[in-house]
Amino acid sequence: MHFCYILSGWEGSASDGGVYHDARVHDLSIPEGKNYLADAGYPLCDALLVPFRGVRYHLREWEKSGLR
């Protein structure tokens, strides 16, 4: 695990999407052609890979797929 960006000063109740937007506006840069994995609280955009809404992902299904 490697942290490449830290944005402190936001309250814990702030939305993930709002914090992400503020970081992109000010100084977070994601290299072109690169993507970050994010949870469902983040917006769908060309720089983030987020899970499909309404789909439940299970570890057992991932293990059975053979993709590791």
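The values are calculated or read from the model by the stated rules, or taken from the named source; none is laboratory data. What you are looking at is a predicted structure, and each value in this text was computed from that prediction instead of being measured. Please note: Cβ atoms are built from the backbone with ideal geometry, for glycine as well, and neighbour counts cover all protein chains shown. The protein model used for the area step is the full one, side chains on, heavy atoms only, and it has no ligands, DNA or RNA in it. Shrake-Rupley method; radii C 1.70, N 1.55, O 1.52, S 1.80 Å.
General observations
- Beta carbons closer than 6 Å, at least 6 apart along the sequence or on distinct chains, pair a first residue in segment 1-28 that is open to solvent by 60 Å² or more (accessible area, probe 1.4 Å) with a second that is not β-branched (Val, Ile, Thr) for Tyr5/Leu28; Leu7/Ala23.
- Residue match in segment 53-65 (condition: modelled with pLDDT of 80 or more, open to solvent by less than 100 Å² (accessible area, probe 1.4 Å) and of a type in the set (Ser, Thr, Tyr)): no
- Lone qualifier among Gly33, Gly41 - being at positive phi, open to solvent by less than 100 Å² (accessible area, probe 1.4 Å) and not hydrophobic (A, V, I, L, M, F, W, C): Gly33
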